[in-house]
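Enquirer: Please read through the structure below; I'll follow up with questions.
The values are calculated or read from the model by the stated rules, or taken from the named source; none is laboratory data. All values derive from a computational prediction rather than experimental measurement. Reconstructed Cβ throughout: ideal geometry from the backbone, glycine too, with neighbour counts over all protein chains shown.
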Amino acid sequence: MAWSNIGPIFELMPGQSATWTYSFENGQDMGLQLAGPNYPLSVIYPGDLGVIVTSNQGKSLLGITANGGAMVNYQVTVTNLGNEVGSHNLQGGGVS
């Protein structure tokens, strides 16, 4: 299932990195999820031409549900490799 425009708009200066943590309802484990930058065009300004890449995709176990399922958080690091500010939030989806 794909998802887009998740989280607040975040600016990264050139060379800056940030780690996002995200989860699904009740910490549900949705299997392998990949996240990348979403460029919400309604708030992109001239000069917001950063080159944002992702790395360190992963998830952490929070606990076990009563029926034996996993409760997890997902993480991804985003880095601006460009020479301009980059505004973004997240988009992604599962691998099936």
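Enquirer: Would you please name the residue that is nearest to P14 (Cα to Cα), looking only at residues in the stretch 33-52 that are at pLDDT 95 or above and of a type in the set (A, V, I, L, M)?
Expert: Of everything passing the filter in the stretch 33-52, A35 is nearest to P14 (Cα to Cα).
Enquirer: Tally the residues that are at pLDDT below 90, among the aliphatic types (A, V, I, L, M) and surrounded by 11 or more Cβ atoms within 10 Å (Cβ to Cβ), restricting the search to the stretch 53-86.
Expert: Residues that pass the stated criteria total 1.
Enquirer: Let me ask something else. Which of the residues belonging to the stretch 44-94 are farther than 19 Å from I6 by Cα and in a strand (DSSP E or B)?
Expert: Listed by number, the residues that qualify are S60, L61, L62, G63, I64, A70, M71.
Enquirer: Mind telling me which of the residues P8, P14, P40 ends up being surrounded by fewer than 16 Cβ atoms within 10 Å (Cβ to Cβ), touching a residue at least 24 places away in the same chain (Cβ under 8 Å), assigned to a strand (DSSP E or B) and not hydrophobic (A, V, I, L, M, F, W, C)? Full working, then the answer.
Expert: Numbers: P14 fails: assigned to a strand (DSSP E or B); P40 fails: assigned to a strand (DSSP E or B).
One residue alone meets the criteria, P8.
Enquirer: Can I ask one more? Take the stretch 65-95 and flag every residue that is farther than 24 Å from G27 by Cα and without any contact (Cβ under 8 Å) to a residue 12 or more places away in the chain.
Expert: Those that are farther than 24 Å from G27 by Cα and without any contact (Cβ under 8 Å) to a residue 12 or more places away in the chain: none in the stretch 65-95.
Enquirer: As an exercise: evaluate G7 against (1) at negative phi; (2) within 12 Å of the chain's Cα centre (by Cα) and give the number of the one condition it does not meet.
Expert: Tallying (1) at negative phi; (2) within 12 Å of the chain's Cα centre (by Cα), G7 fails exactly one: (1).
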